[in-house]
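Report on the structure given below.
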Amino acid sequence: MLVKIALLVTLAVVSSHAQSKVPVYVYYESLCPDSAKFINEQLYPTVKQFPNNIDLKLVPFGKSSYRTQGSETLFECHHGPNECYGNKVHACALANIEGNSYQPNNTKEALTLEYVNCLMERAQFKSGEFPGKACADQFEINWETIEQCANSTQGSTLLKNYGEETYKLQKPLASVPTVAFRQTFDSDVQKLAVDNFRAALCKNLNPAPLECRVGPGGGAAAVTSLGLLTLVSLALTRLF
C-alpha cells in the first residue's frame, strides 16, 4: 500500500512539473522605448526562465503603415525612417538566423532572442548607427545576410507580411508593445503582460509549471523541491 502511495506522490510531483506551452505574440517597434523596456526587462528574462513554456512569435511592425507604389512597398514608421530600416533588420533576422549545430544550446530560437534583446537595448543608446552588425558580431551571427535582406525587396516583403499579421490583430495597434496570447487581444491581459509578463504567462499556462508557484527567481527552488519529493518517494519504496 505504501509503495502505491509513494508512486502516486512521485507521479503527482512529475505531473505538476509537466511542460505546458502557449503561443505568445509580441507586436513591437525597433526604436520604441516602451518596446525596448518590455523586451529587455520583461520578455527576455522570462523567456530565459521558461524556455519550454513559450512559443514566441515576434512581430516587428507596431504602428507602422505601408502602401504600394508600382512594384515597390513604401513604409511610414512611428519613429521615422530609421525605424523602418530597424524593423526590416528585425524581420530579416527572424527569417535568416540559423542555429549552431556544433553548439546545441545555440538554437535558432535562442540566438534570435539574444540578438533581438541586444538590438533593442543598444538601439536606445541613440549613437547614430543601428546596432545590427555590433549585435551580430557579439553572438556570431551572419550580419551580411541580414544586411543584404534589409536593403532588398526581401526585407520589404517580410516587413509587409508582418504588417498584414499586425492588422489581423488590430488596425492600427492601440499601443506598442502589444502582447497577445494565442494571437488573441485582451485588454486586461495586455495591461498585466506589459507590467508583469511573468505573471501573465503563468496565468495562461495550464498546467502551470512549478516555477510559477514558487515566485520569481524560484526555478532552483522548484527543481530542489521536485528532487526532494522524488527522493522521499524512492526512500519509502525501499523501506517498505
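Answer yes if at least one residue in the stretch 204-211 is over 14 Å from residue 47 (Cβ atoms), out of contact with any strand residue (DSSP E or B) (no Cβ under 6 Å at 6 or more places or on another chain) and without any contact (Cβ under 8 Å) to a residue 40 or more places away in the chain, and no otherwise.
no
Just one of 86, 132, 80 is open to solvent by less than 80 Å² (accessible area, probe 1.4 Å) and on the phi > 0 side of the Ramachandran plot; which is it?
80
Please indicate, with yes or no, whether at least one residue in the stretch 16-23 is at pLDDT below 95, open to solvent by 20 Å² or more (accessible area, probe 1.4 Å), farther than 19 Å from residue 82 by Cα and assigned to a helix (DSSP H, G or I).
Yes, some residue in the stretch 16-23 is at pLDDT below 95, open to solvent by 20 Å² or more (accessible area, probe 1.4 Å), farther than 19 Å from residue 82 by Cα and assigned to a helix (DSSP H, G or I).
Can you list residue pairs whose Cβ atoms sit under 7 Å apart, with the first residue in the stretch 72-87 being modelled with pLDDT of 95 or more and the second being assigned to a strand (DSSP E or B) and basic (Lys, Arg)? Count only pairs 6 or more apart in sequence or on different chains.
Final answer for the pair search is 74/67.
Which fully enclosed strands (runs of 3 or more DSSP E) of the stretch 45-157 have 2 or more residues being out of contact with any helix residue (DSSP H, G or I) (no Cβ under 7 Å at 6 or more places or on another chain), farther than 26 Å from residue 202 by Cβ and charged (D, E, K, R)?
Numbers: elements: 54-60, 65-69, 72-76.
Because the criterion is at least 2 residues that are out of contact with any helix residue (DSSP H, G or I) (no Cβ under 7 Å at 6 or more places or on another chain), farther than 26 Å from residue 202 by Cβ and charged (D, E, K, R), the strands (runs of 3 or more DSSP E) in the stretch 45-157 that meet it are 72-76.
So for the stretch 196-217 (the condition being open to solvent by 90 Å² or more (accessible area, probe 1.4 Å), closer than 21 Å to residue 49 by Cα and part of a helix (DSSP H, G or I)), does at least one residue qualify?
Taking every residue of the stretch 196-217 in turn, at least one turns out to be open to solvent by 90 Å² or more (accessible area, probe 1.4 Å), closer than 21 Å to residue 49 by Cα and part of a helix (DSSP H, G or I).
Just to be sure I understand, how many residues within the stretch 158-184 are part of a helix (DSSP H, G or I) and open to solvent by less than 70 Å² (accessible area, probe 1.4 Å)?
From the stretch 158-184, those part of a helix (DSSP H, G or I) are 158-169; that's our starting set.
Filter once more, keeping what is open to solvent by less than 70 Å² (accessible area, probe 1.4 Å): 158-160, 162-163, 165-167, 169.
Number of matching residues: 9.
The values are calculated or read from the model by the stated rules, or taken from the named source; none is laboratory data. Quick caveat: nothing in here was measured; it's all calculated off a predicted structure. Counting neighbours? That spans all protein chains shown, and the Cβs are built from the backbone with ideal geometry, glycine included. Protein only, heavy atoms only, side chains kept; ligands, DNA and RNA dropped before computing areas. Shrake-Rupley method; radii C 1.70, N 1.55, O 1.52, S 1.80 Å.
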